[in-house]
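The values are calculated or read from the model by the stated rules, or taken from the named source; none is laboratory data. Note that the coordinates shown come from a computational prediction; the quantities given were computed from them, not determined experimentally. Here the Cβ is made from the backbone with ideal geometry for all residues, glycine too, and neighbour counts use every protein chain on show.
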Amino acid sequence: MEIKRNFEMLVAINRRYIIRQSAPGRQIACAECGEPMLTTEQAANTFGIKQRRIFQIIETKAAHFTETEADAVMICITSLKRILGSKENLTPANRRR
């Protein structure tokens with residue numbers, strides 16, 4: 001008589017995303033509108049786009065941005081949201097304005 005053995009394996013995967021922000025005292029406010037600013041990396045993660053797209057927006061000067069003393073590029077959340085929410089695409093023709 002042959003004995004058969006069955007094994008079941010259950011794998012559970014939990015993912016936790018942690019978004020770290022600057023300390024409240026170090027948060028930078030936009031000089032033009034006073035809204036909070038994020039680094040390009042934080043903005044890319046928040047909006048689900050690539051950093052390259054954010055730098056394209058910065059090059060067109062369509063959104064408010066600044067550079068910190070540590071050479072980090074910061075971009076205004078509100079102006080970036082306005083650009084990404086608009087239906088107008090930033091094509092090369094629009095960049096020449």
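Which members of region 28-43 meet the condition of being outside any helix (DSSP H, G or I) and of a type in the set (D, E)?
E32, E35
Given the conditions (1) surrounded by 16 or more Cβ atoms within 10 Å (Cβ to Cβ); (2) modelled with pLDDT under 85; (3) not polar (S, T, N, Q), which single one is not true for A12?
Here A12 clears every test but (1).
Checking the structure you have, find out if any residue of region 77-84 is surrounded by 10 or more Cβ atoms within 10 Å (Cβ to Cβ), at pLDDT below 90 and assigned to a loop (DSSP other than H, G, I, E, B).
No - not one qualifying residue is present in region 77-84.
Taking region 46-76 only, how many residues are part of a helix (DSSP H, G or I), surrounded by 13 or more Cβ atoms within 10 Å (Cβ to Cβ), at pLDDT 90 or above and not basic (K, R)?
Residues that pass the stated criteria total 6.
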